[in-house]
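Take a look at the structure set out below.
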Amino acid sequence: MCKHVAATLFATGAKLDKNPLYFFQMRNINVEDFIAKVVVSKVDTMLEKSNIITPRIIKNANLAKIFGI
(Lines give C-alpha, C1' and ligand atoms only; values in the text may rest on other atoms or scores of the structure.)
Protein backbone atom coordinates (compact mmCIF):
# COMPACT_ATOMS: atom_id res chain seq x y z
CA MET A 1 0.00 0.00 0.00
CA CYS A 2 1.41 3.39 -0.92
CA LYS A 3 1.66 6.31 1.45
CA HIS A 4 -1.24 8.10 -0.28
CA VAL A 5 -3.67 5.27 0.33
CA ALA A 6 -2.44 4.93 3.91
CA ALA A 7 -2.92 8.66 4.50
CA THR A 8 -6.44 8.53 3.04
CA LEU A 9 -7.40 5.57 5.23
CA PHE A 10 -5.89 7.22 8.29
CA ALA A 11 -7.79 10.48 7.65
CA THR A 12 -11.04 8.61 7.09
CA GLY A 13 -10.51 6.61 10.28
CA ALA A 14 -9.83 9.80 12.24
CA LYS A 15 -13.08 11.32 10.94
CA LEU A 16 -15.00 8.16 11.86
CA ASP A 17 -13.48 8.25 15.36
CA LYS A 18 -14.81 11.78 15.84
CA ASN A 19 -18.20 11.11 14.23
CA PRO A 20 -19.22 7.47 13.63
CA LEU A 21 -22.24 8.66 11.64
CA TYR A 22 -19.82 10.00 9.02
CA PHE A 23 -19.91 6.52 7.47
CA PHE A 24 -23.58 7.05 6.59
CA GLN A 25 -22.94 10.59 5.36
CA MET A 26 -20.25 9.31 2.97
CA ARG A 27 -22.77 6.86 1.55
CA ASN A 28 -25.50 9.53 1.36
CA ILE A 29 -27.76 7.63 3.77
CA ASN A 30 -30.21 9.57 5.94
CA VAL A 31 -29.53 8.19 9.43
CA GLU A 32 -33.01 8.92 10.79
CA ASP A 33 -34.67 7.10 7.87
CA PHE A 34 -32.24 4.21 8.20
CA ILE A 35 -32.92 3.82 11.93
CA ALA A 36 -36.68 4.04 11.36
CA LYS A 37 -36.51 1.28 8.72
CA VAL A 38 -34.39 -0.93 10.97
CA VAL A 39 -36.78 -0.47 13.91
CA VAL A 40 -39.82 -1.24 11.76
CA SER A 41 -38.09 -4.33 10.38
CA LYS A 42 -37.14 -5.53 13.87
CA VAL A 43 -40.66 -4.95 15.19
CA ASP A 44 -42.13 -6.86 12.25
CA THR A 45 -39.76 -9.77 12.91
CA MET A 46 -40.62 -9.78 16.61
CA LEU A 47 -44.35 -9.73 15.87
CA GLU A 48 -44.00 -12.62 13.43
CA LYS A 49 -42.21 -14.65 16.09
CA SER A 50 -44.68 -13.70 18.84
CA ASN A 51 -47.20 -16.33 17.72
CA ILE A 52 -44.65 -19.15 17.86
CA ILE A 53 -44.81 -21.19 21.06
CA THR A 54 -41.43 -22.44 22.16
CA PRO A 55 -40.40 -24.62 25.10
CA ARG A 56 -38.67 -21.57 26.57
CA ILE A 57 -42.02 -19.97 27.42
CA ILE A 58 -43.29 -20.77 30.91
CA LYS A 59 -47.02 -21.26 31.03
CA ASN A 60 -48.86 -19.35 33.73
CA ALA A 61 -50.16 -22.55 35.29
CA ASN A 62 -46.62 -23.71 36.07
CA LEU A 63 -45.52 -20.52 37.83
CA ALA A 64 -46.97 -21.57 41.18
CA LYS A 65 -44.99 -24.83 41.11
CA ILE A 66 -41.77 -23.19 39.99
CA PHE A 67 -41.77 -20.46 42.60
CA GLY A 68 -43.57 -22.37 45.35
CA ILE A 69 -46.46 -19.93 45.49
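The values are calculated or read from the model by the stated rules, or taken from the named source; none is laboratory data. None of these values were measured; they are calculated from a predicted model. Glycine also receives a Cβ, built like all others from the backbone with ideal geometry; neighbour counts cover every protein chain displayed.
Restricting to segment 30-58, and then to whatever is among the polar types (S, T, N, Q) and modelled with pLDDT of 85 or more, can you tell me which residue is nearest to Pro20 (Cα to Cα)? Please lay out each step first, then the result.
Kept after step one, since they are among the polar types (S, T, N, Q), are these residues of segment 30-58: 30, 41, 45, 50-51, 54.
Pick out the ones that are also modelled with pLDDT of 85 or more and you get 30, 41, 45.
Working: Asn30: 14, Ser41: 22, Thr45: 27 Å.
Per the criteria, the residue is Asn30.
Among the listed residues Met1, Met26, which satisfies the condition of being modelled with pLDDT under 90 and surrounded by 10 or more Cβ atoms within 10 Å (Cβ to Cβ)? Walk me through how you get there before you give the answer.
On the way: Met1 fails: surrounded by 10 or more Cβ atoms within 10 Å (Cβ to Cβ).
Answer to the selection: Met26.
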